[in-house]
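Chemist: Structure below; questions to follow.
The values are calculated or read from the model by the stated rules, or taken from the named source; none is laboratory data. Note that the structure is a prediction, hence the values are computed from the model and not measured. When we count neighbours, we look across all protein chains shown, and the Cβ atoms used for this are built from the backbone with ideal geometry, even at glycine. To get the accessible areas, we keep the full protein, side chains included, count just its heavy atoms, and leave off ligands, DNA and RNA. Shrake-Rupley method; radii C 1.70, N 1.55, O 1.52, S 1.80 Å.
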Amino acid sequence: KLEEGAVGYVFKGEDPVDGNTVAIKVLKANSLTSDTMRRRFLKEGRLLAALNTPYVTRLIEVNSDQGTPYIALEFVDGFNLSDLLKKSGSIP
């Protein structure tokens, strides 16, 4: 597990197709029971699919496994935005 937010987790994993390292975002169990949270999560995946910029990680897949939706993204090793803002106070 890499990170934990209010409604989900981000895990580090491996893409079974090409062996690349990926970040996998999943909803927490209590969020899975909320239709609103599921719709919002899937909307996030669709929005990521529409982006094509070097400033946002590449979307690999939006899917579900055993009823749990997930978003698989390109894994970028480094620091998160929250840490950067705490350190510098702003984005240059």
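Chemist: Return the aspartates and glutamates within reach of LYS12: Cα separation strictly under 15 angstrom, same-chain partners fewer than 8 residues apart disregarded; answer none if there are no such residues.
Modeler: Filter leaves GLU3, GLU4, GLU61, GLU74, ASP77.
Chemist: If you don't mind, there's one more thing I want to ask. In the neighborhood of ASN52, defined by Cβ-to-Cβ distances under 13 Å, what is the net charge if each Lys or Arg adds +1 and each Asp or Glu adds -1? Numbers along the way, then the final one.
Modeler: Values: positive: ARG58; negative: GLU74.
Value of the local net charge: 0.
Chemist: Would you mind counting up the charge near LEU2? Only other residues with Cβ under 12 Å from its Cβ, with Lys and Arg at +1 and Asp and Glu at -1.
Modeler: On the way: positive: LYS1, LYS12, LYS25; negative: GLU3, GLU4, ASP77.
Summing Lys/Arg as +1 and Asp/Glu as -1 gives 0.
Chemist: Report the gain in length on full extension from THR21 to ARG38: 0.36 nm times residue separation, minus Cα-Cα distance, nm rounded to one decimal.
Modeler: 3.6 nm
Chemist: Also: Counting Lys +1, Arg +1, Asp -1, Glu -1, what net charge surrounds SER34 among other residues with beta carbon under 13 Å of its beta carbon?
Modeler: Cβ neighbours under 13 Å give a net charge of +3.
Chemist: Give me the angle, in degrees from 0 to 90, between the Cα long axis of helix 35-50 and the longest principal axis of the Cα atoms of the chain, rounded to the nearest 10.
Modeler: Between helix and principal axis, roughly 50 degrees.
Chemist: Could you give the length gained by full extension between ILE91 and TYR55, i.e. 0.36 nm per residue of separation minus their alpha carbon distance, to one decimal place?
Modeler: 11.7 nm
Chemist: Another question about this same structure. Here are labelled values, (i) 14.3; (ii) 12.7; (iii) 15.2, and one is the computed Kirkwood radius over Cα pairs in Å for what I pasted. Which one?
Modeler: Recomputing Kirkwood radius over Cα pairs in Å here picks out (i).
Chemist: Still on this structure, please answer the following. Over the chain, with the other protein chains present, what is the accessible area per residue in square angstrom, probe 1.4 angstrom?
Modeler: About 75 Å² of surface per residue is accessible.
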